[in-house]
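Below is one structure, written out as structure tokens; comments come after it.
What follows is calculated from the coordinates using simple rules that are stated; it is not laboratory data. Everything numeric in this text was worked out from a predicted model, so none of it was measured.
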Amino acid sequence: MFYAVHSHATGRLGGVAGFLRIALEVGSIEVGHIALSPDILRTVAATEAIYLMMARAFGAGHLAVRAEVQRAQPRLAPIGAASWVQL
């Protein structure tokens, strides 16, 4: 399940994040595939987006929420991924 990250300050879409590895039987979920544009990176909107996703996960009854950090691969630069930062 993926969500768009929207900045109310600029009115622009600035990224995407999703729920991955949903394991209902053990109550865990991962917030992952987080990709943010440089315009939204390290802003209140980016922080709030991840906070809201985590609050939704805990509110749905998940006992563990994890986020995996991984940098964008240099080999993606030719297809335009260099303008995005994957956390």
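In order along region 28-37, the Karplus-derived 3J(HN,Hα) couplings, from 6.51 cos²θ - 1.76 cosθ + 1.60 at θ = phi - 60°, round to 10, 8, 10, 8, x, 6, 8, 10, 10, 6 Hz, and Gly and Pro are given as x. Residues whose amide H lies under 5 Å from that of GLY15, counting only those 5 or more places away or on a different chain, are VAL5, SER37; hydrogens are built 1.01 Å from N in the peptide plane.
Contact order normalised by length for region 2-70, with contacts defined as Cα pairs under 8 Å and 6 or more residues apart; what percent is it?
Numbers: 103 pairs, mean separation 20.9, N = 69.
RCO, region 2-70: 30 percent.
Anisotropy class assigned to region 2-70 is prolate, per the alpha carbon gyration tensor with a/c at or over the 1.5 cut-off and a/b larger than b/c.
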